[in-house]
Amino acid sequence: MKLSIVIPARNEEGNIGKTLHLLSSHLDGAGVTNFEILVVDDGSKDRTNEIVQAENARDPRIRVVRNTGRNGFGRAVTVGLNNFTGEAVIVYMADASDAPEDVVRYYHILRDEADCAFGSRFMRESKVYDYPRFKLVINRIANFAIRSMFSLRYNDVTNAFKGYRRNVIEGCRPFVSPHFNLTIEIPLKAIVRGYSYKTLPITWRNRDIGESALKLKEQGSRYLYTLLTVWFEYLLVSHDTRRTDSGEFVPWRAEDAAEAEHIARQEK
């Protein structure tokens, strides 16, 4: 299975070179050699693009595309999801806050076990270093609300670091979240639309260089909009669709139900 890793990056010259080295060397060391790392330059004003171009000269599996439209985390990730070439894709942070070891674990889940790999920073075996206390409180409140609304046991929906098989990405389009609210749009759509997922504890470290682009005051209304949009699908129309073997969602018609019932009777 070819693995794609999408890394949105905006003004990450202090992190991106180290991130790419750590990630590519760890994947090679773990025997996962059929991969691509796709960095999406989200309008950087520094040397981010230049550094990735140099890495591409060293390793052609690393490449960069520019987000030539409006900037934003969600828009940058969507550009990456429109351009990856693998059978599965993982969204990874440019500041190396996610562990390369967990990328390998995601890979094996996506290859052998489930449609989606969802890591959690808040399971018993998880390891979290230097998480800002205020953001931690907001994170737990937000995830509690999401779990309650969708009847989930999974407790870290807001984490961007997740993996999906290609058919999941195609089945969850279109993506409409322009900013960090995309981090909940994709996994919630995948869950509501019936794709399988496996959760696992992961390691997370706060960035050493630069500042996070996530601004909680600016993102609150966007998260709420995305949350309610997918929740309405969960409440109102999720029972009206069925997923085909190809991953496409089509209306659940009366004749489909009749056919399923007929097959079930024959198998008894």
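Table: residues versus (1) within 20 Å of Glu185 (Cα to Cα); (2) touching a Cys at 6+ places or on another chain (Cβ under 7 Å); (3) of a type outside the set (Phe, Trp, Tyr).
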| residue | (1), (2), (3) |
| --- | --- |
| Thr85 | no, no, yes |
| Ala88 | yes, no, yes |
| Met93 | yes, no, yes |
| Glu101 | no, no, yes |
| Tyr106 | yes, no, no |
| Ile109 | no, no, yes |
| Ala117 | yes, no, yes |
| Ser120 | yes, no, yes |
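A residue that is of a type in the set (A, V, I, L, M), touching a Leu at 6+ places or on another chain (Cβ under 6 Å) and either at negative phi or modelled with pLDDT of 95 or more (or both) can be found somewhere in the stretch 225-248. When the test is whether a residue is in the same structural domain as Lys127 (by TED's automatic domain parsing), hydroxyl-bearing (Ser, Thr, Tyr) and over 18 Å from Ile90 (Cβ atoms), Ser196 does not pass it. Scanning the stretch 1-24 for residues being of a type in the set (Asp, Glu) and farther than 24 Å from Ile169 by Cβ gives a total of 1.
Which members of the stretch 123-155 meet the condition of being of a type in the set (D, E, K, R) and surrounded by fewer than 10 Cβ atoms within 10 Å (Cβ to Cβ)? Within the stretch 123-155, Arg124, Glu125, Arg133, Arg153 qualify.
Taken over the stretch 159-200, the criterion of being surrounded by fewer than 21 Cβ atoms within 10 Å (Cβ to Cβ) and polar (S, T, N, Q) is satisfied by Asn167, Ser196, Thr199.
The values are calculated or read from the model by the stated rules, or taken from the named source; none is laboratory data. Quick caveat: nothing in here was measured; it's all calculated off a predicted structure. With ideal geometry, Cβ positions are generated from the backbone for all residues, glycine too; neighbour counts draw on all protein chains shown.
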